[in-house]
C-alpha cells in the first residue's frame with residue numbers, strides 16, 4: 001500500500017470539495033442548521049407549559065375547586081385558561097380549536113365535604129375532554145391531572161378515590177394515533193418527492209447541457225415546466241394512494257377522501273415542485289443538490305407539526321412554524337380527512353393554493369435554459 005498515492009488521491013478530493021462552493025457551503029451549513037433546529041426544539045423541554053382550559057361549575061360557598069385549580073397551577077407545567085360556565089363544551093372546543101378541557105362539576109365541593117362524614121361513600125368525576133390527535137401532549141397533561149387528583153384523594157380520605165377522572169373524546173368515531181399521523185406523512189412525502197425530484201432533474205439537465213438544447217425544440221419553457229409539474233403530480237397521487245392503502249390494509253385506518261383532499265394534494269404537488277425548481281435554479285452541481293434540498297425540507301419536516309406537536313416547541317418556533325407551507329398542508333389534510341371540518345380545511349387549502357401560485361410563477365420566471 002503506497003501512502004503517497006493515498007495522500008495524493010485524498011488531496012485531489014479535498015481540492016474538488018473546496019472548489020465546489022455549493023458543496024462546501026451546504027456541507028458546513030447543514031449540520032449547523034440541524035443542531036440549531038433540534039436545539040431550539042428540545043433545549044426548553046423542561047420549561048414547557050401546557051395550556052389547559054377549565055370550566056368550573058362549582059359555585060358553592062366553600063368552593064374547594066379553587067384549591068384544585070391552584071394545585072394544578074402550582075405544578076409549574078399547567079397554564080389554566082378559565083372557561084365561562086355558560087359555554088357549550090363541544091362548540092367551544094370546536095370553534096376555538098381547543099385540544100383539551102377539564103370540567104369541574106357543580107357538586108365538587110359538596111361531595112368532598114360529604115366524604116368527611118363516617119360511613120358515607122361518595123365520589124365525584126372530573127370530565128377531561130380531549131382531542132385524540134394530540135395523543136402525546138394530552139397524555140402528559142392527563143398524567144399531571146391524575147397526580148394532582150391522587151394527591152387530593154390522599155389528603156381527603158387517605159387514598160380512597162373520592163375524586164375521579166372521566167375521559168371524553170371530542171372526535172366521534174374510533175381513531176388511533178396513526179389516523180392523525182397519516183395526513184402529515186402524505187404532506188411530508190409529497191414535499192420530499194417534489195423538491196428532491198425537481199432539484200436533481202434540473203441540476204442534471206443543466207450539467208449535461210440538455211436545458212440549453214431545449215431552445216432548439218418546439219416546446220416552450222412554460223410548456224416544459226408544466227409537463228414536469230404534471231409528472232410530479234402523478235408521483236404525488238401515487239405516493240398518497242400507496243400510503244393510504246397500506247394504512248387501511250395494515251392498520252385499519254378510518255379516513256375520508258373528498259374534494260378538498262384532492263385539491264390539497266394537487267396544490268401541494270405544484271407548491272413543492274415550484275419550490276424545488278427555484279432551489280435548482282441556484283444549485284450548480286449534483287453534489288450540493290441533495291444538501292440544498294435537505295436544508296429546505298428538514299426544517300419544515302420537524303417544525304411544521306408532522307412529527308412533533310407544535311405545543312412541545314418554544315413559542316417563537318410555534319410562530320415560525322405557521323409561516324411554513326407544510327404546516328398548512330398538514331393541517332388542511334387533517335381537517336379534511338380526519339376532523340371533517342370543512343371551513344378549516346377550506347382555509348388551509350386556500351393558503352396552500354396561494355403558496356402554490358407564488359412558487360409556480362416564480363419557478364416559471366426564474367427557470368432558464370441559458371446559463372447566466
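Among the residues of the stretch 313-329, how many are under 22 Å from residue 139 (Cα atoms) and crowded, with 20+ Cβ neighbours inside 10 Å? Of the residues in that region, 1 qualify. Residues that are within 22 Å of the chain's Cα centre (by Cα) and at pLDDT below 90 within the stretch 121-138 comprise 130, 131, 132, 133, 134, 135, 136, 137, 138, listed in sequence order. Looking across the stretch 318-339, not a single residue is at pLDDT below 80 and more than 15 Å from residue 134 (Cβ to Cβ). Confirm whether residue 248 is within 21 Å of the chain's Cα centre (by Cα), at negative phi and at pLDDT 80 or above. Judged against the criteria, residue 248 is not a match.
Scanning the stretch 50-72 turns up one or more residues that are modelled with pLDDT of 65 or more, surrounded by 13 or more Cβ atoms within 10 Å (Cβ to Cβ) and closer than 20 Å to residue 303 by Cα. Being out of contact with any helix residue (DSSP H, G or I) (no Cβ under 6 Å at 6 or more places or on another chain) and in a loop (DSSP other than H, G, I, E, B) narrows it down to one residue among 354, 323; which is it? Of the residues listed, the single one that is out of contact with any helix residue (DSSP H, G or I) (no Cβ under 6 Å at 6 or more places or on another chain) and in a loop (DSSP other than H, G, I, E, B) is 323.
Yes/no per residue for (1) in contact (Cβ under 8 Å) with a residue 12 or more places away in the chain; (2) surrounded by 15 or more Cβ atoms within 10 Å (Cβ to Cβ):
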{"position": "246", "(1), (2)": "no, no"}
{"position": "251", "(1), (2)": "yes, no"}
{"position": "259", "(1), (2)": "no, no"}
{"position": "265", "(1), (2)": "yes, yes"}
{"position": "272", "(1), (2)": "yes, yes"}
{"position": "282", "(1), (2)": "no, no"}
{"position": "297", "(1), (2)": "yes, yes"}
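Say whether the condition of being at pLDDT below 85, out of contact with any strand residue (DSSP E or B) (no Cβ under 7 Å at 6 or more places or on another chain), on the phi < 0 side of the Ramachandran plot and assigned to a helix (DSSP H, G or I) is met by at least one residue in the stretch 139-152. Walk me through it before giving the result.
Going residue by residue through the stretch 139-152, those that are at pLDDT below 85 are 139-140.
Now drop any that are not out of contact with any strand residue (DSSP E or B) (no Cβ under 7 Å at 6 or more places or on another chain), which leaves 139.
Adding the requirement that they be on the phi < 0 side of the Ramachandran plot leaves 139.
Next, from what is left, pick out any that are assigned to a helix (DSSP H, G or I): 139.
Among the residues of the stretch 139-152, at least one is at pLDDT below 85, out of contact with any strand residue (DSSP E or B) (no Cβ under 7 Å at 6 or more places or on another chain), on the phi < 0 side of the Ramachandran plot and assigned to a helix (DSSP H, G or I), which makes the answer yes.
Scan the stretch 227-241 residue by residue and report those that are exposed (fewer than 12 other Cβ atoms within 10 Å of the Cβ) and modelled with pLDDT of 90 or more.
Across the stretch 227-241, the qualifying residues are 234, 238.
Residues being in the same structural domain as residue 55 (by TED's automatic domain parsing) and touching a residue at least 60 places away in the same chain (Cβ under 8 Å) are entirely absent from the stretch 102-113. Answer with yes or no whether residue 246 is part of a helix (DSSP H, G or I) and more than 17 Å from residue 190 (Cα to Cα). Answer is no for this residue. Here the stretch 79-100 is the region considered, the condition is being within 20 Å of the chain's Cα centre (by Cα) and either assigned by TED's automatic domain parsing to the domain that holds residue 345 or in a loop (DSSP other than H, G, I, E, B) (or both), and the residue that is surrounded by the most Cβ atoms within 10 Å (Cβ to Cβ) is 99. If you check 104, 98, 80, 89 for being more than 24 Å from residue 151 (Cβ to Cβ) and touching a helix residue (DSSP H, G or I) at 6+ places or on another chain (Cβ under 8 Å), only one passes: 98.
The values are calculated or read from the model by the stated rules, or taken from the named source; none is laboratory data. What you see is a predicted model, and the numbers here were worked out from it, not measured in a lab. Glycine gets a Cβ as well: all are built from the backbone with ideal geometry, and neighbour counts include every protein chain shown.
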